[in-house]
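The values are calculated or read from the model by the stated rules, or taken from the named source; none is laboratory data. As the structure is a prediction and not an experimental result, all values here were calculated from the model. Don't worry about glycine lacking a Cβ; one is built from the backbone with ideal geometry, like all the others, and counts go over all protein chains shown. Side chains included, ligands, DNA and RNA excluded: accessible areas come from the protein's heavy atoms. Shrake-Rupley method; radii C 1.70, N 1.55, O 1.52, S 1.80 Å.
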Amino acid sequence: QCLYQFLAFVPPSNESLRKPGTASVMVDTQHPLTLLLNSSVGDRDLCKIQYHFGEFGNYSLVVKTLSTSTQTVSCDLIINEGPINSYLPILFAFLVYMGILAILIAGRLLMKIDPVRNWVYKKLNPRATDRMINSELGSPNTTESVNCDPTPHPWSTASRRRLHSLDTFRGLSLVIMVFVNYGGGKYWFFKHESWNGLTVADLVFPWFVFIMGTSIALALGSMLRWGSSKWKVLRKILWRTFVLILLGIIVVNPNYCLGPLSWDNLRIPGVLQRLGFTYLVVAALELLFTRADSGTWEGRFPALQDILPYWPQWIFILVLEAIWLCLTFLLPVPDCPRGYIGPGGIGDFGKYPNCTGGAAGYIDRLLLGEKHMYQHPSSGVTYQTTIPYDPEGILGTINSIVMAFLGLQAGKITLFYKDQHNQIMSRFIIWGIVMGIISAILTKCSKEEGFIPINKNLWSLSYVTTTSCFAFVLLLLIYYLVDVKKWWSGAPFLYPGMNSILVYIGHQVFANYFPFKWKMQDSQSHAEHLTQNLTATTLWVIISYILYRRRIFWKI
């Protein structure tokens, strides 16, 4: 439903030289396009062609006049040069990483053979080698964190029993996030969707929020069991929130590209800011109602012991969601239809060019000001929007709180059914199915035609239910492989998962420095972009592994 945009004027043919009039244009290959040919006389539609062009293909649209009296024409699309297979670099990269994985697995199996291990003893430092072999991969015996508080915490020994699946889940989300932020090989499915829809890039942030909620349930319960007062825990929550928001505003601020940072162009919302505020609300909500002991609930429905005792929390979350629904669909927005959640610009046939995001965009512009918002939203390219829109804006924060609360529920499940693997996995499955059913109803299993489409820019309700459905299923698989069967240590995702703040901030700060980025020979090559982005992402995994081996963990 995009407004037609002018591509080119085709001059008339030169009849004396029998030379046709020609015009050359470049078109988008991410989406199917509709080409409309108009007559310069009478502004009449001559022909319309719908086609999905391929990358680096060369095409001709040949237009011939069949009858001058009736002004009928024929339009034929000819493929002069077929499009390239742009996915071959992904296949090659996959094979390379699988080869590296096979070598590592083979090396690990060889280290279990006594003669080989003895030979390694002789070649390497015996003490260092012994420590490397005898330590369980992915499980440090002690935890030394770079922290502002040098006092050892009495609950630090709980890290020995930590669920490695949570760190692996967090690390997997973070690695994909780093890869996507570095460019994702310039593939469309590694970029954020222009408006409605879902790509790989749209999954990682809500997954990170989800696992943050899971960690809140485990961390707060552990602190209280080890004797910390709720006031002390609250102070820690407030401090962590303050540091996250400060880092997001001062260190990781995309408006640096507009010049030196100043209040005039300071972007107030952001990823870390949203994480900080979401953490504050969900952690405070859990602290208010959590219990130091996680024993069996003696109510009427023991099967719901992870839900019913916390009914005030659910009421609070439902009220928050009701507020989001009311503001989104009932708030009057000047010069926009009530309940509009479209992209604006040339979308919806250009009827509402300045209504990007509806109420969400209006609230941000009203309360924050246009200069304090994200200046280059993903809707700008496809829908040619001209006003700023912030995907981490105020209204969407409500649903990020809901997402973290669903993650908190996953944490409660692991607490209440500790070591009962079947109970934990069955509940993860049930929650995933419930979220999937809600998503199917809200979206009508359609990208555009549902009641509430999946939309990352808006953080719509269906976006939360869909990504949480995937999160429950993914957490179930990782939990089964890492913590139940112990078939997988979680490596290499475990390492960035245990140093997530450092990796996230580091990859943003050093994004434009060698060896994370260099000048490419062909900026239109998927292979070069993919090589650069995978190299940068792999370097951060290696850095996190080195920090892990040295037991350096940066925590806030």
*Which of the lysines could a cross-linker span from Lys48 if the Cα-Cα distance has to be under 27 Å and same-chain partners fewer than 8 positions apart are dropped?*
Lys19, Lys64, Lys351, Lys447
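Ordered by packing density, taken as the mean number of other Cβ atoms within 10 Å over each peptide's residues, highest first, how do 514-522, 446-454, 200-208 rank? Working shown, then result.
Details: 514-522: 11.0, 446-454: 16.2, 200-208: 21.9.
Those peptides, ordered most packed to least, come out 200-208, 446-454, 514-522.
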*Which whole-angstrom value gives the distance between the alpha carbon centres of region 484-556 and region 190-208?*
20
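Count charges around Glu193 for me, please; just the other residues with Cβ under 13 Å from its Cβ, Lys/Arg as +1, Asp/Glu as -1.
Working: positive: Lys191, Lys447, Lys456; negative: Asp202, Glu448.
After counting each charged neighbour, the total is +1.
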*Which of the aspartates and glutamates could be linked to Lys519 by a straight reach, that is with a Cα gap under 18 Å, when you skip same-chain ones fewer than 8 residues away?*
Glu528
*Mind pulling the angle between the C-alpha long axis of helix 114-123 and the longest principal axis of the chain? Nearest 10 degrees, somewhere in 0 to 90.*
90
*Tell me, what does the Kirkwood hydrodynamic radius of the chain come to in angstroms if you use every pair of distinct C-alpha atoms?*
26.7
_Under 5 Å, built H, 5+ apart or other chain: amide partners of Val73_ = Leu66
*Estimated distance in nm for a label pair at Phe242 and Ile437, the labels positioned 7 Å out from Cα along Cα-to-Cβ*: 4.6
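Tell me the per residue accessible area of region 31-80 using a 1.4 Å probe; a whole number in Å² is fine.
Details: 3440 Å² over 50 residues.
Ligands and nucleic acids excluded, the result is 69 Å² per residue.
What's the ranking of 525-534, 231-240 by average number of surrounding C-beta atoms within 10 Å, highest first?
On the way: 525-534: 18.9, 231-240: 14.7.
Ranking, from highest mean packing down: 525-534, 231-240.
Could you give the accessible area per residue of region 323-468, probe 1.4 Å, as a whole number in Å²?
Working: 5810 Å² over 146 residues.
That works out to 40 Å² for each residue.
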*How far is helix 201-225 tilted off the main Cα axis of the chain, in degrees rounded to 10, range 0 to 90?*
20
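Determine the dipole magnitude for region 331-372: charges of +1 sit on the beta-carbon of Lys and Arg, -1 on that of Asp and Glu, nothing else is charged, the reference point is the Cα centre, and the result goes in debye to the nearest 20.
40
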*asked:* Counting C-alpha atoms alone, how compact is region 1-84: give Rg to one decimal and Dmax as a whole number, in angstrom.
replied: 13.9, 42
*Long pairs among Lys236/Lys371; Lys112/Lys486; Lys123/Lys517; Lys186/Lys456; Lys444/Lys485; Lys230/Lys486, criterion Cα-Cα beyond 26 Å*: Lys236/Lys371; Lys123/Lys517; Lys444/Lys485; Lys230/Lys486
*Counting pairs of alpha carbon atoms under 8 Å apart in space and at least six apart in sequence, what relative contact order in percent does the chain give?*
19
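First compute the accessible area of region 1-84 with a 1.4 Å probe, then give the percent of it belonging to carbon and sulfur atoms.
Working: 3480 of 6610 Å².
Carbon with sulfur: 53 percent of the solvent-accessible area.
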*Based on Cβ point charges of +1 for Lys and Arg and -1 for Asp and Glu, what charge dipole magnitude is obtained for the chain about its Cα centre, in debye rounded to the nearest 20?*
2080
*Roughly how tilted is helix 271-289, in degrees to the nearest 10 and between 0 and 90, from the longest Cα axis of the chain?*
40
*Hey, can you grab everything whose amide H is under 5 Å from the amide H of Lys444? Only 5+ residues off in sequence or another chain; H modelled, so Pro and N-termini drop out.*
Phe451
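What is the sum of charges around Gly411, taking Lys and Arg as +1, Asp and Glu as -1, for the other residues whose C-beta is under 13 Å from the C-beta of Gly411? Intermediate values should be presented prior to the final figure.
Numbers: positive: Arg162, Arg170, Lys412, Lys418, Arg427; negative: Glu286, Asp306.
Cβ neighbours under 13 Å give a net charge of +3.
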*Mind checking which of Leu318, Ile394, Gln423 is farthest towards the positive end of the chain's charge dipole, using Cβ charges of +1 (Lys, Arg) and -1 (Asp, Glu) about the Cα centre?*
Gln423
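Can you pull the percent of region 456-556's accessible area that's carbon plus sulfur, 1.4 Å probe, other chains left in place? Numbers along the way, then the final one.
On the way: 2900 of 4480 Å².
Summing carbon and sulfur atoms, their accessible area is 65 percent of the total for region 456-556.
Round to a whole number: what % of the accessible area of region 323-441 belongs to carbon and sulfur, probe 1.4 Å?
64
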